[in-house]
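To start, the structure itself, in structure tokens.
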């Protein structure tokens, strides 16, 4: 049975884990059987729907694979790229080739899937379509903004062990909520993002405020006058 036949439409967490298992066990990369690329993992959900994409990136961000240096920032970067495209309404997400070619240990992926298996059916049983309008425009743009904020918060938190788990869980909830069209879960995810930003502010504040003060201190009037002089001179 080939990988295409094993792949199921991703409608919940259990179907996604089934697809990941099929992709990891199929040995599609004979030159590096001990590793799985991000491209192969994303192939388990396809590249047309934002919900399943956010779901698998979120699961990756809270998996044992992120113990590898740089993987937390990679997942944050993927989340940021996906969320920005969702915000502007791009129909088919684009992802950078270098990020897709990054690889992680097959053993770590299998370990993460095995750890989620006992919880998948219980989580899926609690999800159902409700408040589905929250998964449609214009409300989905609010979800996209929240995902952008979550990705940006994750970057400085990546220096602190286990700190990126909270934003990673929020991305998982956004992905699950959009996939199952569960607006209640999306609302709860927004609350989690707000709480994560609140508790992360003591860390983010010293990093963000100098940037804000720098932007406020830029000589905008001088730039405008310079541009006007160049335009009138041309």
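Most tightly packed first, judged by the mean number of other beta-carbon atoms within 10 Å of their residues, the peptides 169-177, 147-155, 192-200 read 169-177, 147-155, 192-200. Take the Cβ atoms of residue 187 and residue 88, set R0 to 30 Å, and the FRET efficiency comes out at 0.80. Put a dot 7 Å past the Cα of residue 124, heading toward its Cβ, do the same for residue 101, and the two dots end up 3.6 nm apart. For segment 48-92, taking Cα atoms only, Rg and Dmax work out to 11.2, 33 Å respectively. Taking the fewest neighbouring Cβ atoms within 10 Å as the starting point, the ordered list for 18, 101 is 101, 18.
Every number here is computed from the coordinates shown, using simple stated rules; none is lab data. Bear in mind the structure is a predicted one, so any value in this text is a computation, not a measurement. Reconstructed Cβ throughout: ideal geometry from the backbone, glycine too, with neighbour counts over all protein chains shown.
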